[in-house]
Amino acid sequence: MTKAQLFEFIATQKLAVLGSVSPEGVPQSALVGIAVNKDLEIVFDTLNTTRKYRNLTTHAKACLVVGWEGEQTVQFEGEAFLPEGEELMRYKSVYFAKWPEGLEHQSWPGIVYFVVRPRWIRFSDYDQQPPLIEEQKFGG
């Protein structure tokens, strides 16, 4: 599966399950609304009072499961960060294109925007025979 095909699949999805690890080493998960850019970077918002915020600012490693309709899914592992300045504006434009109602959330106290850069992605399609399962590594 090409990077463009992965983008097309992820871009059709609005939600993902985010996995992170607490400072105490406890795995935790949360449902998040996502957007993706052509570099396969996933953007989501949250409040700075949430467990995921605390977890990702302590341990930047994150994983997501994207897609669960039918039997097609993406498993996604990467590094999370909080963009700033012009970079933040670019990522927010990606996010708001998918979630226009998110524009109103900008006034919420403590709203932040995380980006997760891919390090490893597995696409699985069990809707076909034989099943298609492909993995890709990114970056270092």
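No value in this document is a laboratory result; all are computed from the given coordinates. What you see is a predicted model; the values in this text were computed from it and never measured. FYI the Cβ positions are ideal-geometry reconstructions off the backbone, even for glycines, and counts take in every protein chain you see.
What translational diffusion coefficient, in µm²/s and rounded to a whole number, does the Stokes-Einstein relation yield for the stretch 61-140 at 10 °C and a viscosity of 1.306 mPa s, taking the hydrodynamic radius as the Kirkwood radius over Cα pairs? Mind dumping the intermediate values first?
Values: Rh = 14.7 Å.
The estimated diffusion coefficient comes to 108 µm²/s.
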Order by neighbour count: Lys61, Lys92, fewest other Cβ atoms within 10 Å first, most last. Lys61, Lys92
How much length is gained on full extension from Lys14 to Gln128, taking 0.36 nm per residue of separation minus their Cα-Cα distance? 38.7 nm
Report relative contact order for the chain in percent, whole number only (criteria: Cα-Cα under 8 Å, sequence separation at least 6). 24 percent
How large is ³J(HN,Hα) for each residue in the stretch 133-139, as worked out from phi by the Karplus curve 6.51 cos²θ - 1.76 cosθ + 1.60 (θ = phi - 60°), to whole Hz, x for Gly and Pro? 9, 10, 10, 9, 10, 9, x
Charges on Cβ only, +1 for Lys and Arg, -1 for Asp and Glu, centred on the Cα centroid of the stretch 1-125; of Gly25, Ala80, Asn55, which one is farthest towards the dipole's positive end? Gly25
